[in-house]
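One structure below.
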Amino acid sequence: MSNSNDTVKNILAPYRKRIDDLDKDLVDMLVKRFKIIAEVSEIKEKYSIPAILPDRVDEVRNRAANMAEAKGLDYQFVHDLYTMMIDYACKLEDKLMSEK
């Protein structure tokens, strides 16, 4: 049994490495995205712009889902993923704006 587990690990190792590398890139991109959101929160605070702009939320979410679908990814999955990211971004903006 242990030999077969080792064999599976060896077979999958290069794929797991590629996935791990992509996960690092994804996290790095999320960090960059949320740093920009922090900058935007300062601008919104300065000009009394609400954290949540429903038209922009819909635009970002739908654009990403449409791009994903055009590349063969599931529209609803990406739509849901962006819903979670945007919800978090709006909460972050609210938090940052209320701390000022």
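The values are calculated or read from the model by the stated rules, or taken from the named source; none is laboratory data. Since the structure is predicted, the reported quantities are computational estimates derived from the model, not experimental observations. Every residue, glycine among them, receives a Cβ derived from its backbone with ideal geometry; neighbour counts consider all protein chains shown.
Taking the options Ile49, Ile43, name whichever one is within 24 Å of Met85 (Cα to Cα), free of Cβ contacts under 8 Å to residues at least 60 places away in the same chain, surrounded by fewer than 10 Cβ atoms within 10 Å (Cβ to Cβ) and β-branched (Val, Ile, Thr). Matching residue, one of Ile49, Ile43: Ile43.
So that you can scan it fast, the table gives a plain yes or no per residue for (1) among the polar types (S, T, N, Q); (2) part of a helix (DSSP H, G or I); (3) under 18 Å from the mean Cα position of the chain (by Cα):
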position: Asn3; (1), (2), (3): yes, yes, no
position: Lys9; (1), (2), (3): no, yes, no
position: Leu22; (1), (2), (3): no, yes, yes
position: Leu26; (1), (2), (3): no, yes, yes
position: Ala38; (1), (2), (3): no, yes, yes
position: Asp55; (1), (2), (3): no, yes, no
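Among residues of the stretch 20-31 that are surrounded by 10 or more Cβ atoms within 10 Å (Cβ to Cβ), none has a Cβ under 9 angstrom from a residue that is modelled with pLDDT under 95 and not β-branched (Val, Ile, Thr) at a sequence gap of 6+ or on a separate chain.
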